[in-house]
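Visitor: To start, I am sharing the structure in question, which I have written as structure tokens.
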Amino acid sequence: MATRTEIDGLMAQWRAVMAVSRPRWPSADLTFTQLRALSIIARRQPVRVSDLARELEVGLGAASALVDRMVRHGLVTRRPDEQDRRIVLLETSARGRKLLERLEQGRTEHFGKLIEGLTPAEREAFATVLRAFVRLTAEHTLKKGPQGLLVVQRDSAKC
């Protein structure tokens, strides 16, 4: 049976391998935070800058500066809220959507190649583990705890 130490070591190895094996990531020319912001905006658009700041867990000024850079790069557009002109809404631009699609395609191709290299028994074991992670993720909520640490809480309503 795998120990926690062995699993921690395997996770560290997995992160290292994935960090150097994503062929399309360097071509994106984005910081990790910019990519996170672009993904959040694409998933929830339109998004207010204040909501983006909250999701990224940064101050409003930092989020505004981040959005400014993304607008200059043509990844995000701003528009006023029709109900309240003081509110600025963010949406991904065509360029931002294409970039996310290209990164997703690269990720899909990369994982597809890795999965093809598994034996049938390994693929079944991998699918079993993924199903377990999906189930556990659905049953738990991550919350920010003391000193910014993430705390996993079981959501009894989801179980």
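The values are calculated or read from the model by the stated rules, or taken from the named source; none is laboratory data. Fair warning: this is a prediction, and the values are worked out from it, not measured in the lab. Cβ: placed from backbone, ideal geometry, glycine included. Neighbour counts: every protein chain shown. Heads up: the accessible areas ignore ligands, DNA and RNA and are worked out on the full protein's heavy atoms, side chains in. Shrake-Rupley method; radii C 1.70, N 1.55, O 1.52, S 1.80 Å.
Visitor: Roughly speaking, what is the stretch gain from ASP29 to THR137, that is 0.36 nm per residue apart minus the C-alpha to C-alpha distance, in nm to one decimal?
Guide: 35.8 nm
Visitor: If you don't mind, there's one more thing I want to ask. Residues with beta-carbon under 12 Å from that of GLU116, excluding GLU116: net charge, scoring Lys, Arg +1 and Asp, Glu -1? Kindly include the intermediate steps, with their values, before the conclusion.
Guide: On the way: positive: LYS113, ARG123; negative: GLU109, GLU122.
It works out to a net charge of 0.
Visitor: I'd like to check one number: the per residue accessible area of the stretch 39-116, probe 1.4 Å, reported in Å² as a whole number.
Guide: Roughly 63 Å² per residue, with all protein chains present.
Visitor: Of PHE111, LEU99, ALA125, which is farthest along the charge dipole of the stretch 84-131 in the positive direction, counting Lys and Arg as +1 and Asp and Glu as -1 at C-beta?
Guide: LEU99
Visitor: Report Rg(Cα)/(2.2 N^0.38 Å) for the stretch 78-132, keeping two decimals. Could the numbers behind the result be given before it?
Guide: Working: Rg = 19.9 Å, N = 55, 2.2 N^0.38 = 10.1 Å.
Taking the Cα Rg and dividing by 2.2 N^0.38 Å, one obtains 1.97.
Visitor: Please give the length that would be gained between LEU130 and MET1 if that part of the chain were fully extended, namely 0.36 nm times their separation in residues minus their C-alpha to C-alpha distance (nm, one decimal). Intermediate values should be presented prior to the final figure.
Guide: Numbers: separation 129, 0.36 × 129 = 46.44 nm, distance 1.84 nm.
Length difference between fully extended and current span is 44.6 nm.
Visitor: I've got another one for you. Give the long-range amide H neighbours of VAL76: residues separated by 5 or more places, or on another chain, with amide H under 5 Å away, using H modelled in the peptide plane at 1.01 Å from N.
Guide: Under 5 Å from the amide H of VAL76: VAL71, SER93.
Visitor: Could you pull the accessible area for ARG69 with a 1.4 Å probe, rounded to 10 Å²?
Guide: 100
Visitor: Which net charge results when you count Lys and Arg as +1 and Asp and Glu as -1 among the other residues whose beta-carbon is under 13 Å from that of GLY74?
Guide: Residues close to GLY74 contribute a combined charge of +3.
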